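Some notes on the structure that comes next.
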Amino acid sequence: MASEGPNEMGVDQRRNLWAITSEVVREPMFLLLLVAGGIYLAMGDAHEAAILLGFVFIIMTITILQERRTEHALDALRDLSSPRALVIRDGVKSRIPGREVVREDILFLVEGDRVPADGIVLEAHELAADESLLTGESEPVAKFPESGQVFAGSLVARGQGLIRVTAIGANTELGRIGKSLQDISSESSPMRSEMGLFTKRLAIIGVLLCIALAVAYWMLRGGWLDGLLAGITLAMGILPQEFPVIMIVFFAMGARRIAHHKVLTRRLNAIETLGETTVLCVDKTGTLTQNSMVLTVLSVGGQVLETRNIIGTDLPETYHELLEYTVLASEIDPHDPMELAFTRFARDYLANTEHLHPDWDLAREYEISPDLLAMSHLWRGDSSLHHEVATKGAPEAIADLCHLPEQARQQVTKDAESLADRGLRVLGVAKARHRADINLPAIQHDFDFEFVGLVGLADPLRAAVPAAVALCHQAGIRVVMITGDYPRTARAIAKEAGINSAGVFTGADFETSDPAALAKGIREINIFARVTPRQKLAIVEALKSGGDIVAMTGDGVNDAPALKAAHIGIAMGKRGTDVAREAASLVLLEDDFAAIVTAIAMGRRIFANLRQALIYTIAVHIPIIGLSILPLLFGLPLLLAPIHIAFLELVIDPACSVVFEAEPGNTRLMHVPPRSPSESLISMPFVTLSIAQGLLVTLASIGAYTWAINSGIAVEETRALAFIVLVVANAVLILPSRFPQSGWRETFTGLPKVGIWILLGTLASLLAVVAIPDVAAAFKFQPPSLKHGTAAVIAGIAMLLPFQAIKTGFNYAFGPGRRH
């Protein structure tokens, strides 16, 4: 890696420092500040221009640092979301990011993997790759040892194999032709579209008012340069340049916070939808359960053996054949937890017996399919006359393959149901022989199978699942279990997890139900068993058509359509395929159901905090607008100049983005139903609340200004007093604005540390600009007397009373607290 760099294709979506700086410089706010500085120079006030440009530099630096912090958060998420690779180093398998693969690495590939680098095939078992990304050919290409080669970006369509890496990064075929899997445009975001439209409207209003104020100043007082400065001041007060910053900070940092809970956000837009989720469709194995299979029961001819009863003793001969054919029907080098459990148990109890066959060759594999839930392996054994066939799968599928008479079939069903009622995963096992001189059958039904027995595996429920399911129900989220497992097993696990259902809907019910019954089942039943990936997609589409916002988990190649169709696709990070992860919006790094619920709660928190930040942002812009216009209308000296707006920007930006983003959120966020998708982020009631709060600050500031002037206080001191009221009131407004509904206790408690530092920093900066003579002079202030300054601070703090009162009235009228 030191000589060739990381295994990346050369297309980098990261923004470097220069790109961020150039974007910041082009922001309208900074352009207005630069224009204002130029006007001061044209007026001969070089000192004022220098101070203003100094503020421009400080604001730009803070903005760039904040953007860099956000970019670092996105970098971490990009690294996590890169394709993973199972590499064998020093004989040990480990899962690493695809960018860390180097030449000469030995990689293990299985179905569903995205190939991270070019390589030579060393071993192959039914290995085939989809190379359509490179060649345009849709048919998978079979790969064979030594002569076969796989290419970066291709997809393992079936089988498994070992490859030795021969090229990485830009030296791969994909890199050489300049393609990249990451070169994909991001989807449009309803929330960002809404924000963009709102920002555009405010910008148009700002430009019109700016022109109107400049013309009015010139007509009433003369001096077109002064009028232009007044217009620029007003425009700076109206332009909501904080909105884009707030959005990206909230989403990027929110995704980073969610990642701390082992949930990777691959698409930031998913954060918008998390809080709207009404139905959570989850798989059973590995999501609700621990995915740590333990072989618990062996059943042959009605005789049931509890494996816990033979610890430290030998396995009775009656069960040797059942275990033998269970292993033969499994992969040679298994990764599936169920097959690993078979292999471990056989290693412990069949060692030194004739029932293990490491020298047999696997001649043919018949894969499981939606039409037949069974898989078979055909082995070349010791005899040259015939081959051995082992199969395992759903009990009903195995009974069908064995063509059992009705009575025997009913007995198998009864035995399987008895085990499934205990929450066990139940599989049937069968065997067959095939003459070596006859061509191999095309399908499994052409073998003459003999039923061997049943095996039952326990997969304990995750400890946190019942509480997480209860929290979902409390939050108005319906939890639906969708599994390929036996119906009775699914029902037993669902009951243990707290998922209540009127019954179990099976894959067979999908095929036999009329449209009305199917719709009713999907609407009312919360347990779906023996479901195929195609039927899983149908469930998602039916829920969506009913108006639900659907989150869906999945891990396999065939789950990708359902994951993509769901509003929020959630892929399993540990056992999931690359295809599933690429189709999903979220990836569970620990495959834990509780993490999904945590992500939903955090999505609600992010939305709620974002809304409060925007309400606050609009509110603090109102007094800036008012204090830019009212002095002109009342014939008073102008109160605000561009330098004052620059200072206020230093206060507003961190408060809006940093303080509100860090808020832990209302503890009742998961006690209310999901918000409606049609609910606007900044609807008129919230805009009204913002305007009302802003008008209170405006009245307080202009009132202090008018009183001071009428009292004969010097203009520079009156300006300082009004500015103190404005800044202190805006700082105090943070406290009640953190939650849409809160009492006095919540207002004064729970402020995050960063919020305390922002408030202290704001007040310290305010003290510097009004109390230090040289600094105050730059702002056209005169340090106020202790008496007047204290009165102004008290007036600003006292605004907390009307802020709280108006919020209480707003909640009474519109009830946002009953939602978020």
| query | Just checking, which of T413, T489, T483, T512 is among the polar types (S, T, N, Q), within 33 Å of the chain's Cα centre (by Cα) and either farther than 28 Å from E276 by Cα or open to solvent by 50 Å² or more (accessible area, probe 1.4 Å) (or both)? | reply | T489
| remark: Note: among A562, A580, just one is open to solvent by less than 10 Å² (accessible area, probe 1.4 Å), modelled with pLDDT under 85 and closer than 24 Å to R84 by Cβ, namely A580
| Which residues, taken from segment 697-728, are in contact (Cβ under 8 Å) with a residue 40 or more places away in the chain and small (G, A, S)? | A700, S701, A704, A708, A714, A720, A722
| query | Looking at this structure, is P395 touching a residue at least 12 places away in the same chain (Cβ under 8 Å), open to solvent by less than 10 Å² (accessible area, probe 1.4 Å) and not charged (D, E, K, R)? | reply | yes
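Any chance you could count how many residues in segment 492-507 are surrounded by 14 or more Cβ atoms within 10 Å (Cβ to Cβ) and assigned to a helix (DSSP H, G or I)?
Initially, segment 492-507 is screened for residues surrounded by 14 or more Cβ atoms within 10 Å (Cβ to Cβ), giving 492-494, 496-499, 501, 504-507.
With assigned to a helix (DSSP H, G or I) added as a condition, the list becomes 492-494, 496-497, 507.
The number of residues fulfilling the criteria is 6.
Out of all the residues in segment 636-644, is one or more open to solvent by 10 Å² or more (accessible area, probe 1.4 Å) and within 30 Å of R745 (Cβ to Cβ)? Write out each step before concluding.
Residues of segment 636-644 open to solvent by 10 Å² or more (accessible area, probe 1.4 Å): 636-638, 640-641.
Imposing the further condition that a residue be within 30 Å of R745 (Cβ to Cβ) reduces the set to none.
Looking through segment 636-644, none of the residues is open to solvent by 10 Å² or more (accessible area, probe 1.4 Å) and within 30 Å of R745 (Cβ to Cβ).
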| Unmet requirement for C656, which otherwise passes all of (1) open to solvent by less than 10 Å² (accessible area, probe 1.4 Å); (2) over 30 Å from the mean Cα position of the chain (by Cα) | (2)
| query | Mind checking whether some residue in segment 284-291 is touching a residue at least 60 places away in the same chain (Cβ under 8 Å), on the phi < 0 side of the Ramachandran plot, surrounded by 20 or more Cβ atoms within 10 Å (Cβ to Cβ) and not β-branched (V, I, T)? | reply | yes
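Mind checking which residues of segment 417-448 are hydrophobic (A, V, I, L, M, F, W, C) and open to solvent by 50 Å² or more (accessible area, probe 1.4 Å)?
Applying the first criterion (hydrophobic (A, V, I, L, M, F, W, C)) to segment 417-448 yields 419-420, 424, 426-427, 429-430, 432, 436, 438, 440, 442-443, 447.
Correct list: I438, L440, A442, I443.
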| said: Looking at segment 748-778 only, could you name the residues that are more than 30 Å from the chain's Cα centre (by Cα), modelled with pLDDT under 85 and open to solvent by less than 60 Å² (accessible area, probe 1.4 Å)? | reply: A778
| Take the residues of segment 537-552 that are modelled with pLDDT of 90 or more and not in a helix (DSSP H, G or I): which is farthest from the chain's Cα centre (by Cα)? | D548
| remark: Across (1) open to solvent by less than 20 Å² (accessible area, probe 1.4 Å); (2) charged (D, E, K, R); (3) within 29 Å of P466 (Cβ to Cβ), R611 clears everything bar (3)
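Does I258 satisfy the criteria of being more than 22 Å from M670 (Cα to Cα), open to solvent by less than 10 Å² (accessible area, probe 1.4 Å) and not in a loop (DSSP other than H, G, I, E, B)?
Working: more than 22 Å from M670 (Cα to Cα): no; open to solvent by less than 10 Å² (accessible area, probe 1.4 Å): yes; not in a loop (DSSP other than H, G, I, E, B): yes.
Judged against the criteria, I258 is not a match.
Please pick out the residue among R380, R364 that is in contact with a His (Cβ under 8 Å, 6 or more places away or on another chain), farther than 30 Å from D559 by Cα and open to solvent by 40 Å² or more (accessible area, probe 1.4 Å).
On the way: R364 fails: farther than 30 Å from D559 by Cα.
Checking each option against the conditions leaves just R380.
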| note | Of (1) open to solvent by 10 Å² or more (accessible area, probe 1.4 Å); (2) without any contact (Cβ under 8 Å) to a residue 40 or more places away in the chain, G569 satisfies every one except (1)
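The values are calculated or read from the model by the stated rules, or taken from the named source; none is laboratory data. Just so we're clear, the structure is a prediction, and the values are computed from it rather than from any experiment. Reconstructed Cβ throughout: ideal geometry from the backbone, glycine too, with neighbour counts over all protein chains shown. Areas reflect the complete protein model, heavy atoms only, side chains present, ligands, DNA and RNA absent. Shrake-Rupley method; radii C 1.70, N 1.55, O 1.52, S 1.80 Å.
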